[in-house]
Amino acid sequence: MTFDAVIPELAKLMREKRAEIEPLLPVVINRDLNGRIRFVVSEAATESAGAFSALKRVAEEVHKDLGPHSFPVPQAILLEPDIEAMIGSETTYVIPDLERVYVIDRMATEGSWSSITSQTEGAPRIVFFAVKGGVGRSTALAATAWTLAEAGKRVLVVDLDLESPGISTSMLPMDRRPAYGVVDWLVEDLVDNGEAVVQSMTSSSPLSRNGEILIVPSHGRDPGEYISKLGRVWMPKVDSAGIRERWSGRLNRLLDSLERRWLPDVILVDSRSGIDEVSSVCLTEISASMILLFAVDGDQTWSGYRILFEHWRRTNIVTDIRDRLQVVGAVIPEVRAEEYFASLRENSWDLFSRELYDEVPAGAIPAEGEEWSFDEDDSSAPHFPWAIRWHRGFAALQSLYGRLERIDPVEIQSIFGSMTENIASFLEGARGRL
């Protein structure tokens, strides 16, 4: 028995014993930091002697089957005074076909890929994400910001690629970089000193002409003790009353504050690549309106996204996040471009249809709104890539500021037009819904 088999085996046992433990529901399955299973039930469960004895027998069977991934009786059962309050305060998911049996998965990191906040009612937040780095994500964000500003928009750009910062250096000359950045605020906020830096962490890029591009970097022009600060940004904050706030909650407070201060039309967020703490917050916990999934056609890309999609499906948040996703075909090669794009689209559709789309029986024609599914060739579908052509002049991020400073709008359109036009249409639709 290994980690991956624990929940499926436990679910099988719970289904077999469902009738016996029915009086104890709800039941929480708590998987601790070491991956060991315990049951949590209400203190009142002890009043039902027969059902509680049945739960003990289940715990004994679980320990026999799961071995080191479980606890022996009596350590296997914990009693909670208010089980409903516990469920409401934790990130949980329900095992399919086991109503009111919840799983709490304790992890060493506080980022949660298992829940998602509702979309913001303010300025749309668009997250630029990739499971693999080096695909031109930050360059595409900069080009998007420039294009939207050219159309008269006020664009707020937030660099949350904290462990590999760079968007500020690509869009701001040294003399325009602000004194502080996101990391500085997160550290100062821990000691209630965030106001000391918030006024000096945003700068307007001279690249913008018709609108405005406001840059919030990960660090200021002098990074200072950046490594020491970075090791503290993920810390939760505990106030004088003992109330604990996760770092994702603190980050949301910062974004809300910046939005109130600058009143942007849109917020573009540069996320960390990979499946880590920062990425989980950017995708699921900052109320993103759109999540751009940058992809190159290779096994690393599709394997990474498959891991993520399978987790969302397993934890029952697929329907809450899938309509915010959009694949971006990064760096489409100049040679055999059509063949490459066709393969990219096919692999993207295969992944989405297996993991995110509803299954439509052969020959069935579902009523509008009943099923969430798309044909492979549907250009409006989230799996259908927004293409970005590879271009030598935009391949190096460090030269991007100078490149945009003497920009040819026709060139930007030819390289990034598919993405920027679709984002502009999305923003128009979002404005119409407000």
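The values are calculated or read from the model by the stated rules, or taken from the named source; none is laboratory data. All figures in this text were calculated on a predicted structure; none of them were measured in a lab. Because the Cβ atoms are built from the backbone with ideal geometry, glycine has one as well, and the counts that use them run over all protein chains shown. Please note that ligands, DNA and RNA were not included when accessible areas were found on the heavy atoms of the full protein model with its side chains. Shrake-Rupley method; radii C 1.70, N 1.55, O 1.52, S 1.80 Å.
Axis of helix 49-66 versus longest Cα principal axis of the chain: the two differ by about 60°, to the nearest ten degrees. Heavy-atom accessible surface of the stretch 27-172, averaged per residue, reaches 40 Å², computed with a 1.4 Å probe. Taking Met201, Met235, Met86 in turn, the Gaussian network model of the chain (Cα-Cα springs below 10 Å) assigns the largest fluctuation to Met86.
Per DSSP helix of 4 or more residues, -39500 (n - 2.57); summed, then divided by the residues of the chain. What does that give at 222 nm, rounded to the nearest 500? Don't skip to the answer; put the middle values down first.
Numbers: 16 runs with 173 residues, N = 434.
Rounded to the nearest 500, the figure is -12000 deg cm²/dmol.
Gain on full extension, evaluated as 0.36 nm per residue between Glu90 and Glu334 minus their Cα-Cα distance, stands at 83.0 nm. Per-residue 3J(HN,Hα) values for the stretch 203-208, derived from phi via the Karplus relation 6.51 cos²θ - 1.76 cosθ + 1.60 with θ = phi - 60°, read 9, 8, 7, x, 5, 7 Hz in sequence order (x marks Gly and Pro).
Counting only the Cα atoms, the stretch 1-127 fills a convex hull of 130 Å³ per residue. Kindly list the residues of the stretch 115-141 that lie in the label zone of Leu263, defined by a backbone N under 19 Å from the point 7 Å along the Cα-to-C-beta vector. The answer is 121-125, whose backbone nitrogens lie closer than 19 Å to the label point.
The modelled label-to-label distance for the pair Asn34/Ile307, using points 7 Å beyond Cα in the direction of Cβ, is 2.5 nm. Note that the stretch 269-282 has calculated 3J(HN,Hα) couplings of 10, 8, 8, 5, 6, x, 9, 9, 4, 5, 4, 4, 5, 4 Hz, one per residue in order, obtained from phi through the Karplus relation 6.51 cos²θ - 1.76 cosθ + 1.60 (θ = phi - 60°); glycine and proline are x. Against the chain, whose longest principal axis comes from its Cα atoms, helix 337-355 is set at around 20 degrees. For the Cα atoms of the chain, what angle does the longest principal axis make with the long axis of helix 299-314, in degrees from 0 to 90, nearest 10? Tilt relative to the chain: about 50 degrees.
Explain nothing, just the number: dipole magnitude of the chain about its Cα centre with +1 on each Lys and Arg Cβ and -1 on each Asp and Glu Cβ, in debye rounded to the nearest 20.
Values: 45 positive and 67 negative charges, 209 e Å.
The calculation lands at about 1000 debye.
Applied to the stretch 146-163, the Karplus parametrisation 6.51 cos²θ - 1.76 cosθ + 1.60 on θ = phi - 60° returns per-residue 3J(HN,Hα) values of 4, 5, 5, 5, 4, 8, x, 7, 9, 10, 9, 10, 10, 8, 10, 7, 5, 8 Hz, with x for Gly and Pro.
Which order do Thr284, Thr46 take when ranked by solvent-accessible area (1.4 Å probe, heavy atoms of all protein chains), largest first? Walk me through the numbers before you get to the answer.
Working: Thr284 0, Thr46 70 Å².
So, going from the largest accessible area down, we get Thr46, Thr284.
Taking N as the residue count of the stretch 123-244, its C-alpha radius of gyration divided by 2.2 N^0.38 Å amounts to 1.13.
Where does the chain land on Rg(C-alpha)/(2.2 N^0.38 Å)?
After normalising by residue count via 2.2 N^0.38 Å, the value is 1.10.
Exposed loop sites were defined as trypsin sites (Lys or Arg not before Pro) in DSSP loop states (anything but H, G, I, E or B) carrying at most 14 other C-beta atoms within 10 Å; in the chain the longest segment without such a site runs 233-335. The loop-placed GluC sites (Glu not before Pro) in the stretch 246-342, going by DSSP, that have at most 11 neighbouring Cβ atoms within 10 Å of their Cβ come out as Glu334. Taking amide hydrogens as placed 1.01 Å from N in the peptide plane, the amide H of Val328 sits under 5 Å from those of Leu293, Phe294, Ala295, Trp386, each at least 5 positions away in sequence or on another chain.
For the chain, relative contact order (Cα pairs under 8 Å, six or more residues apart, normalised by length) works out to 17 percent.
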